[in-house]
Amino acid sequence: MKIAISYPEVEQQILKAAKAPVKLSFVDRDSVNVAYGKKILLMTISVKLTVVRIQGNDIFFKYDGGAPLDMVISGITQYLTKSKLGEIIEPKENHTILVHLQNIPQLKKALEILSPKAINFTNDGIALTLAFND
């Protein structure tokens with residue numbers, strides 16, 4: 001089973017939950033660019049997230065960055081974890097961000113009987129492939 005979620009839908013949910021304006025854009029099949037809309041030091045912060053793996057109902061993303069970007073990403077993720085997204089997004093070590101799909105209200109029921117098998121990005125949005133639990 002495949003679920004398609006448009007980038008504007010995800011952006012709207014993030015804005016609603018965390019009051020954080022983000023813009024998502026396609027990079028390649030495994031990567032999406034996330035631009036944080038609030039101006040920080042007169043710049044828009046942008047980072048490429050790449051899917052590393054799916055483990056159970058969790059998706060691990062990796063981002064590229066040096067020390068300055070790490071500080072900014074750390075601040076943004078700390079802000080997000082204090083919002084309604086705190087149960088969904090978990091910053092990890094080594095430029096990794098963990099997304100807990102089971103904590104997304106719109107997916108909670110579906111994940112009781114389905115498990116994520118793959119996630120891909122398209123020009124239009126996110127394609128999540130699910131299979132029935134054994």
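Just so you know, all these numbers are worked out from the coordinates, no wet-lab data involved. These numbers were taken from a predicted model, which means no experiment stands behind them. Glycine gets a Cβ as well: all are built from the backbone with ideal geometry, and neighbour counts include every protein chain shown.
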Item to complete: Give the Cα extents of the chain along the principal axes, in whole Å, largest first.
Response: 49, 29, 28
Item to complete: Describe numerically, in nm with one decimal, the distance between label points set 7 Å from Cα along Cα→Cβ at Glu93 and at Ala118.
Response: 3.2
Discussion item. Report, in listed order, any pair from Lys16/Lys62; Lys62/Lys117; Lys16/Lys82; Lys2/Lys82; Lys23/Lys109 with a Cα-Cα distance greater than 22 Å.
Written reply: Lys16/Lys62; Lys2/Lys82; Lys23/Lys109
Item to complete: As a check on your grasp of the helix formula, calculate [θ] at 222 nm for the chain: sum -39500 (n - 2.57) over DSSP H runs of n ≥ 4, divide by the residue count, round to the nearest 500.
Response: -7000 deg cm²/dmol
Worksheet, complete the sentence: Residue separation between Tyr79 and Thr129 times 0.36 nm, minus their alpha-carbon distance, gives in nm 15.0 nm
